[in-house]
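**Q** Take a look at the following structure, please.
The values are calculated or read from the model by the stated rules, or taken from the named source; none is laboratory data. Just so it is clear, the structure is predicted and the values come from calculations on it, not from any experiment. With ideal geometry, Cβ positions are generated from the backbone for all residues, glycine too; neighbour counts draw on all protein chains shown. Heavy atoms of the whole protein, side chains included, go into the accessibility calculation; ligands, DNA and RNA do not. Shrake-Rupley method; radii C 1.70, N 1.55, O 1.52, S 1.80 Å.
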Amino acid sequence: MDYEKKFNTTGICIPSLHYMVDTTDMISEIIEDYIEPGEYFTMNRARQFGKTTTLELLYQKLKEKYIVLDLSFEAAEEYFQSLGSLARGLVMDISERLERQGVNENLCKEWKTPVSEEFPLRDFGRKITVLCSKSDREVILTIDEVDKNADNQIFCHF
C-alpha cells in the first residue's frame, strides 16, 4: 500500500513516510568521529529537532556490527524511586534489548538474574562489565530523554 508522505511533528520520523532532511552524511559522521573511536557524545537540542529520530537511525545503522542498548528515560519515572528500582529497571530494559538483538543465550541469562538488593548499582555495573568483556561484539549505550530525570538525585548517582 502506498502512503503519501507527510510532515511529522511528534515521535520518530520514518524516511519512507515523513518529509525530513537527508541525514545520511550526519549519521556517517557521528559513527566515524565518535562511535568508531569509542568516544562519548551527547545531543542537546530544542524540542522537535530530531534527536530521537537521529538515535533511531543510528540504531538501524549500527545494530549489525554492535550490540546497541537503546534506552529511553521517557515515562521511566518509577525507575528513579530508589537505586534498587533504577538497577532493576535498567536490567529489565537491557535484557529485552539483548534478546531482541540475538545476543548469545549465556549473556542473556546473566541479565535475567535479579540484582543484589544490598548493592544494586554495583551489581548492575558487574553485569555491564560481563557483557562488555564476554560479548563477541562491542556494546554501545544510547539513552534518549535523559533530561526527563536530570534533576533527580537517584539519576545523579547513576
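**Q** Of all the residues that make up segment 97-136, how many are farther than 22 Å from residue 78 by Cβ, in contact (Cβ under 8 Å) with a residue 12 or more places away in the chain, touching an Asp or Glu at 6+ places or on another chain (Cβ under 9 Å) and open to solvent by 30 Å² or more (accessible area, probe 1.4 Å)?
**A** Summing the residues that are farther than 22 Å from residue 78 by Cβ, in contact (Cβ under 8 Å) with a residue 12 or more places away in the chain, touching an Asp or Glu at 6+ places or on another chain (Cβ under 9 Å) and open to solvent by 30 Å² or more (accessible area, probe 1.4 Å) in segment 97-136 gives 3.
**Q** Right, next: Look through 80, 73 and report the one residue that is under 16 Å from the mean Cα position of the chain (by Cα) and touching a residue at least 60 places away in the same chain (Cβ under 8 Å). Please lay out each step first, then the result.
**A** Values: 80 fails: under 16 Å from the mean Cα position of the chain (by Cα).
Only one candidate passes the filter, namely 73.
**Q** Same structure again: Can you list residue pairs whose Cβ atoms sit under 8 Å apart, with the first residue in segment 43-70 being under 15 Å from residue 14 (Cβ atoms) and without any contact (Cβ under 8 Å) to a residue 60 or more places away in the chain and the second being surrounded by fewer than 18 Cβ atoms within 10 Å (Cβ to Cβ) and hydroxyl-bearing (Ser, Thr, Tyr)? Count only pairs 6 or more apart in sequence or on different chains.
**A** From segment 43-70, the pairs are 50/23; 53/23; 54/23; 57/23.
**Q** Another question, then. When residues of segment 132-153 are filtered for being closer than 20 Å to residue 84 by Cα and either touching a His at 6+ places or on another chain (Cβ under 6 Å) or assigned to a helix (DSSP H, G or I) (or both), how many remain?
**A** Final tally of qualifying residues: 4.
**Q** Also, I was wondering about something else. List every residue pair whose Cβ atoms sit under 7 Å apart, with the two residues 6 or more apart in sequence or on different chains, where the first one lies in segment 143-156 and is in contact (Cβ under 8 Å) with a residue 40 or more places away in the chain and of a type outside the set (Ser, Thr, Tyr) and the second, anywhere, is part of a loop (DSSP other than H, G, I, E, B) and open to solvent by less than 80 Å² (accessible area, probe 1.4 Å).
**A** 143/73; 145/73; 146/73; 148/73; 149/73; 154/82
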